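The values are calculated or read from the model by the stated rules, or taken from the named source; none is laboratory data. Only a predicted model underlies this, so the values are computations on that prediction, with no experimental measurement involved. All Cβ positions, glycine included, derive from the backbone under ideal geometry; neighbour counts span all protein chains shown.
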């Protein structure tokens, strides 16, 4: 009887200790999950805030660029004449000429997309699946150059075909990249010839040091 009493007295503290450890572990698990959920919720709120600020910035730019005329549309194919050059690639955006970070978003020019470019004696036709097509008449072309960045997008040196053109009172740089970058030089030559020579803005590449 004495032995049983001794064992019982020893067992109770051990059992109590184990129960305490289990309760402590459970409490710790609950605390960890609460911290994780709080961290995830905080991260989602930050992402939502950044997205909202970007959207408001986009809307603000569109508002202050509201005086930009509608984009010209290509004439009937029969009036365009034979194609001098054709390019398949991507449209990377447009900016005020000479200011590679001053992005233009009005009239759909802020939407990056695939693009099909066709150059004729009448001008440049830009077809963009899922975005607004537009046409740059030959009289509105101001030149072209090779560059590496536009509208915050940075590529390899010479990896971007930048076309300078006039829309209303605004001089615009539009950036394109061919699926075959070796074509860019021929495009610069043809556009420069068609425009009557590069303008000062078209001839100037820009320092993109520190860009992301």
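Just one residue in the set 113, 174, 140 is in the same structural domain as residue 92 (by TED's automatic domain parsing), within 17 Å of the chain's Cα centre (by Cα) and in contact (Cβ under 8 Å) with a residue 24 or more places away in the chain; that residue is 174. The one condition from (1) assigned to a strand (DSSP E or B); (2) surrounded by 21 or more Cβ atoms within 10 Å (Cβ to Cβ) that residue 171 does not meet is (2).
With respect to (1) within 22 Å of residue 168 (Cβ to Cβ); (2) loosely packed, with under 14 Cβ neighbours inside 10 Å, the lone exception for residue 125 is condition (2).
How many of the residues making up the range 148-165 are in a strand (DSSP E or B), surrounded by fewer than 22 Cβ atoms within 10 Å (Cβ to Cβ) and in contact with a strand residue (DSSP E or B) (Cβ under 6 Å, 6 or more places away or on another chain)? Walk me through it before giving the result.
Just the residues of the range 148-165 that are in a strand (DSSP E or B), to begin with: 149-150, 153-154, 160-165.
From what's left, surrounded by fewer than 22 Cβ atoms within 10 Å (Cβ to Cβ): 153-154.
Filter again for in contact with a strand residue (DSSP E or B) (Cβ under 6 Å, 6 or more places away or on another chain), leaving 153.
Going through the range 148-165 one residue at a time, the tally reaches 1.
Here is a yes/no grid of residues against (1) modelled with pLDDT of 65 or more; (2) assigned by TED's automatic domain parsing to the domain that holds residue 138; (3) closer than 30 Å to residue 191 by Cα; (4) surrounded by 10 or more Cβ atoms within 10 Å (Cβ to Cβ):
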position: 33; (1), (2), (3), (4): yes, no, no, yes
position: 57; (1), (2), (3), (4): no, no, no, yes
position: 72; (1), (2), (3), (4): yes, no, yes, yes
position: 92; (1), (2), (3), (4): yes, yes, yes, yes
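In summary, residue 202 fulfils each of the numbered conditions (1) at pLDDT 95 or above; (2) surrounded by 20 or more Cβ atoms within 10 Å (Cβ to Cβ); (3) in contact with a helix residue (DSSP H, G or I) (Cβ under 9 Å, 6 or more places away or on another chain); (4) farther than 22 Å from residue 74 by Cα with the single exception of condition (1). For residue 139, the conditions (1) over 22 Å from residue 197 (Cβ atoms); (2) at pLDDT 95 or above; (3) not in a strand (DSSP E or B) are fulfilled apart from (1). Candidates are the residues of the range 79-98 that are in a loop (DSSP other than H, G, I, E, B) and either free of Cβ contacts under 8 Å to residues at least 12 places away in the same chain or at positive phi (or both); the one that is nearest to the chain's Cα centre (by Cα) is 98.
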